[in-house]
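Data first, discussion second: the structure below is written as structure tokens.
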Amino acid sequence: MTLKERLSQDLKEAMKSKDETRVRTIRLLIAEIKNFEVEKMGQANDEEVLQVMSKEVKKRLESIEMYKQASREDLAAEEENELKVIKSYMPEQMSEDQIRELAKQVIEQHNLSSPKDMGTAMKLIMPQVKGRADGKMVNKIVQELLGG
């Protein structure tokens, strides 16, 4: 079962159980995937669906931060609920220690040593953590390891 099929199936179940948050979030995900397919002019595979979902996760995290700064806890809580639904479809996220270990291995294997090697390190690491780690966290760890 593809991720898109799973979303459609889960939407039906959420509608039957009258889970408004899940229904709203899954509908939004399906709409974003359709928009992506229109732009691409073709069907989205699971990897592309995960990219769309990653963007939605980032949007939610930014919104939560802004709502909390504006003292709108009600809206922040709503976004957090949507975030939980989206994350339930994402692969398990790597811990900071796992990312650090992978970055160390890549840096050692390719003899990278200075902050100038940052771009090279990121190009080598990001495909390995795609969808399983936040790019900002990877960037921060690589900077630390390269002394940036």
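Only the coordinates and a few stated rules stand behind these numbers; no lab work does. Treat the numbers as computed from the prediction; the structure is a model and nothing was measured. Cβ coordinates were reconstructed from backbone atoms using ideal geometry, including for glycine residues, and neighbour counts include every protein chain displayed.
Across all Cα pairs in segment 96-146, the calculated P(r) in 10 Å bins from zero up to the longest distance comes to 28, 63, 9 percent per bin. For segment 66-107, applying the loop criterion from DSSP together with a ceiling of 10 other beta carbons within 10 Å to the GluC sites (Glu not before Pro) yields Glu92.
Place +1 on the Cβ of every Lys and Arg and -1 on the Cβ of every Asp and Glu in the chain, take the dipole about the Cα centre, and give the residue among Val85, Gln43, Leu29 whose Cα lies farthest towards its positive end. After comparing all options, I get Gln43. Sparse packing (at most 14 other Cβ atoms within 10 Å of the Cβ) combined with a DSSP loop state is found for the following trypsin sites (Lys or Arg not before Pro) in segment 1-43: Lys18. Shown for the chain is the translational diffusion coefficient from the Stokes-Einstein equation, using the Kirkwood radius over Cα pairs, a temperature of 37 °C and a viscosity of 0.692 mPa s: 190 µm²/s. Rounded to the nearest 500 deg cm²/dmol, what is the calculated helix-only ellipticity per residue at 222 nm for the chain, with -39500 (n - 2.57) per DSSP H run of length n ≥ 4? The helix-only estimate for the chain comes to -25000 deg cm²/dmol at 222 nm. Cα-based values for segment 3-87, radius of gyration first and Dmax second, are 13.8, 42 Å.
In a reduced charge model with +1 at each Lys and Arg Cβ and -1 at each Asp and Glu Cβ, segment 96-146 shows a dipole moment near 200 debye about its Cα centre. Taking every Cα-Cα distance in segment 41-120 and sorting them into 10 Å bins starting at zero, the pair-distance distribution P(r) comes out as 15, 27, 29, 24, 5 percent. Using a cutoff of 8 angstrom between alpha carbon atoms and counting only pairs six or more residues apart, the relative contact order for the chain works out to 20 percent. Need the C-alpha centroid separation for segment 69-148 versus segment 1-68, integer Å. Going from one Cα centre to the other spans 21 Å. Overall, the chain carries a charge dipole of about 220 debye about its Cα centre when +1 sits on the Cβ of Lys and Arg and -1 on the Cβ of Asp and Glu, all other atoms neutral. Remark: Met94, Met41 ranked as Met41, Met94, counting other beta-carbon atoms within 10 Å and listing the fewest first. For Leu112, the shell of other residues with beta-carbons less than 12 Å away shows a net charge of +1, using +1 for Lys and Arg and -1 for Asp and Glu. Straight-line cross-link reach from Lys136 at under 15 Å between alpha-carbon atoms covers these aspartates and glutamates, not counting any fewer than eight positions away in the same chain: Glu62, Glu96, Asp97, Glu144.
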